[in-house]
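First comes the structure, then the notes that go with it.
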């Protein structure tokens, strides 16, 4: 699978037009339906190659797009969500500098 | 004949095409396509997904998620994991301005964008429907043309019949010609015979009369005259 290719499992004759938000491989049990004790086994079954992680991020991005950005009467929510995510991300990467601005020595 | 072969050669690929497109449409219906939703997913407080609140509702009731949020913020601020430096206050003022703008301008902008998206969608839809209408009309016209082409075959038959009638008429006219010509020749022959006979007869009569007149001698004439006078006197005696 080179850059720009469809996933290996995607077959246009079976699946129809390509949906970037859909996982075309064999579906595992959803994360929301497993017990706490099964989390380790569930994680060990995941494909943790860089391509798979990039694909998962891409699918999440498109699921978010289809849900909040692409609908016909989309609102202002996606802008706030992007803003909040950016704030969190940049606060996290700048935390080492931010922590010098703390006002109290003891908490 | 030329038009008929042209018609057949045109019709065959058309039929194949129609079959192919019909089978393609049949296989395309099996997979469901993603539909563009009308409305986005529901959010509360402007950005938090509704599903997050539903997840909490089953365990903690209505106020649970809010309590969790406030508690988390309190923890982060209290332990100074979230440090309130100078950028925090500029961010807070920006957030207040953004919220006020959304509350004040939101409904107006939403109404305008809804109107615009409806207008754009109607434009595209009307263009598409117009195209479909045009294509349907073209199909109707094509069917009508084919019907007319079939009429051309009927016309050819009618023309053939017409030519047959003309041939029949010419044949009859010529037969009539032959009949009249033959009749005229026969009439001529009959007339010739009649004239020949009449002339023969006339000539014969003249010949006989001339011969008879030529054979009469003056003696005979005198005797005849005498005889006539004798007869007349006999008649006169009898008449008295």
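Observations on the structure shown:
- Residues that are modelled with pLDDT under 90 and either under 22 Å from residue A:79 (Cβ atoms) or in a loop (DSSP other than H, G, I, E, B) (or both) within the stretch B:66-87 comprise B:79, B:80, B:81, B:82, B:83, B:84, B:85, B:87, listed in sequence order.
- Within the stretch A:12-107, helices (runs of 4 or more DSSP H) holding 2 or more residues that are exposed (fewer than 12 other Cβ atoms within 10 Å of the Cβ), within 9 Å of chain B (Cβ to nearest Cβ) and on the phi < 0 side of the Ramachandran plot: A:12-15
- Criterion: modelled with pLDDT of 85 or more and within 11 Å of chain A (Cβ to nearest Cβ) - qualifying residue of B:101, B:32: B:101
- Meets criteria (out of contact with any strand residue (DSSP E or B) (no Cβ under 8 Å at 6 or more places or on another chain), at pLDDT below 95 and exposed (fewer than 11 other Cβ atoms within 10 Å of the Cβ)) for residue B:90: yes
- Against the list (1) surrounded by 11 or more Cβ atoms within 10 Å (Cβ to Cβ); (2) free of Cβ contacts under 8 Å to residues at least 40 places away in the same chain, the condition residue B:139 fails is (1).
The values are calculated or read from the model by the stated rules, or taken from the named source; none is laboratory data. What you see is a predicted model, and the numbers here were worked out from it, not measured in a lab. Methodologically, a virtual Cβ is constructed for each residue, glycine included, from the backbone with ideal geometry; neighbour enumeration extends over all protein chains shown.
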